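Okay, structure first, notes after.
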Amino acid sequence: MAEFASDAVLVLLETTPAGDLASSSAGLLGAASTIGTPVALVVADASGHDALAAAAGKLGAVSVLVHHGDEATELIAPAVDALDAAFELVRPAAVLLSHSADGRDIAGGFAARRSLAVAVDAVGLGRDEEGVVAHHSVYGGAYNVTSAPTFGPLVITLRQGVTEERPPEVAAPAVSRLSVTPSGTRAATIESFEVAQGSSSRPELRGAAKVVAGGRGLGSAEKFALVEQLADALGAAVGASRAAVDAGYVPYSYQVGQTGVSVSPQLYVALGISGAIQHRAGMQTAKTIVAVNKDSDAPIFAIADFGVVGDVFTVVPQLIAALKAKKG
Ligand code: FAD
């Protein structure tokens, strides 16, 4: 069995129903590489192990542990069992998962089983003299805090899109088949699933590098098209405030904020959004924030890197025209 570095960071990579690595994988391995040696764990049907291990190597995994089980139709428990076995083998400095629905569930189950501390929704990772720490943006982005465990390796769920770090490709990662003893923990069984066909060619909101979001200031579902036009000119995902969602301009899945999606893009453009704390909670960690609002006192300007005081229906068409002219 392979030897693992003393600074190994065990990273659970999720897979899509189509059997590919989930889009969160690159960011997870990138973040892990900033604090240690990334060791990936993939729980998937054995037929896909070779391709998934190669894909994980491309994203910087130095070693890949693979696990197959007929129990792959069960939710969470098989992944917790596999993570537990991988933890025993690797003895990592930290365990890293995506802050996805599954990632959060698995992190909680695993940490409880091992009596380890969990740091959720991290927006950055680091090290102090005692080990790995996680950075968080809390209370609607009003405070940046750092969490560290009292003892043991930290189990961390990482918000998608928070790091651009991409480690060099590992052409031939060391691949090991993991031996897992099922715990017998009761698990919900997946009896069937349907893939929801998205009709959009735009990037997915969660994890997008660029987001253009619209608020109540757009005024109607028809006029919200302006947000989509700017998003398409920038190649961005579309988001919305809760007021825009509640007014029926766009579906709930577009909502950014405390009770919606948390995003951490390179660029966040807020159009006709006041910047309530519940909205900021989901976007304040964006690298660059641009706001267009006709009220110069709107709270969004307090966190914007670039702000335009003006009517979105005057400003945004000019911006789209300028972007199109630039593209030639
Ligand atoms: P408004 O606050 O009404 O702001 C509209 C803005 O548009 C104004 O600043 C106005 O000046 C500007 N405007 C109007 N017309 C124009 C124009 N033509 N050109 C330019 N600017 C214009 N909100 C979220 O977004 N996400 C959440 O997840 C969320 N969760 C919540 C959870 C709880 C428990 C609660 C209590 C609230 C939550 N909210 C959330 C709601 C939040 O408090 C705000 O009500 C909401 O974010 C406001 O949305 P808005 O900025 O679009 O609307």
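The values are calculated or read from the model by the stated rules, or taken from the named source; none is laboratory data. Just so it is clear, the structure is predicted and the values come from calculations on it, not from any experiment. Reconstructed Cβ throughout: ideal geometry from the backbone, glycine too, with neighbour counts over all protein chains shown. All accessible areas refer to the heavy atoms of the entire protein, side chains included, with ligands and DNA or RNA removed. Shrake-Rupley method; radii C 1.70, N 1.55, O 1.52, S 1.80 Å.
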Selected residue [assigned to a strand (DSSP E or B), in contact with a strand residue (DSSP E or B) (Cβ under 9 Å, 6 or more places away or on another chain), more than 6 Å from the ligand (Cβ to nearest atom) and of a type in the set (F, W, Y)] from Y268, Y249
Y268
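For segment 193-202, does any single residue satisfy the condition of being modelled with pLDDT of 95 or more, out of contact with any helix residue (DSSP H, G or I) (no Cβ under 9 Å at 6 or more places or on another chain) and among the polar types (S, T, N, Q)? Give the derivation first.
Here is the first cut: in segment 193-202, the ones modelled with pLDDT of 95 or more are none.
No, that holds for no residue.
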Select from segment 188-213 the residues that are open to solvent by less than 10 Å² (accessible area, probe 1.4 Å) and in contact (Cβ under 8 Å) with a residue 60 or more places away in the chain and write down the one among them that is nearest to the chain's Cα centre (by Cα).
V211
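If you go through segment 177-234, how many residues are part of a loop (DSSP other than H, G, I, E, B) and within 16 Å of the ligand (Cβ to nearest atom)? Walk me through it before giving the result.
As a first pass, look at segment 177-234 and keep what is part of a loop (DSSP other than H, G, I, E, B): 178-188, 190-209, 215, 219-224.
Next, from what is left, pick out any that are within 16 Å of the ligand (Cβ to nearest atom): 205-206, 215, 219-224.
Qualifying residue count, segment 177-234: 9.
Taking the condition in contact with a helix residue (DSSP H, G or I) (Cβ under 8 Å, 6 or more places away or on another chain), among the acidic types (D, E) and more than 17 Å from V263 (Cβ to Cβ), does D102 pass? Give the derivation first.
On the way: in contact with a helix residue (DSSP H, G or I) (Cβ under 8 Å, 6 or more places away or on another chain): yes; among the acidic types (D, E): yes; more than 17 Å from V263 (Cβ to Cβ): yes.
Here the answer is yes, as D102 does meet what is asked.
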Apart from one, (1) open to solvent by 10 Å² or more (accessible area, probe 1.4 Å); (2) among the aliphatic types (A, V, I, L, M); (3) modelled with pLDDT of 95 or more all hold for V138; the odd one out is (3)
In the list R127, R166, R113, R104, which residue meets the criterion of being under 17 Å from the mean Cα position of the chain (by Cα), modelled with pLDDT of 95 or more and surrounded by fewer than 18 Cβ atoms within 10 Å (Cβ to Cβ)?
R104
What are the residues in segment 224-251 that are buried (at least 22 other Cβ atoms within 10 Å of the Cβ), closer than 19 Å to K287 by Cβ and not hydrophobic (A, V, I, L, M, F, W, C), if any?
G239
Going through (1) within 30 Å of L41 (Cβ to Cβ); (2) hydrophobic (A, V, I, L, M, F, W, C); (3) surrounded by fewer than 13 Cβ atoms within 10 Å (Cβ to Cβ) one by one, A221 fails only at (1)
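Could you please find all residues in segment 150-163 being open to solvent by less than 90 Å² (accessible area, probe 1.4 Å) and part of a loop (DSSP other than H, G, I, E, B)?
Applying the first criterion (open to solvent by less than 90 Å² (accessible area, probe 1.4 Å)) to segment 150-163 yields 152-163.
Hits for segment 150-163 are G152, P153, R159, Q160, G161, V162, T163.
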Flag for G275 being open to solvent by less than 60 Å² (accessible area, probe 1.4 Å), not polar (S, T, N, Q) and not in a strand (DSSP E or B)
yes
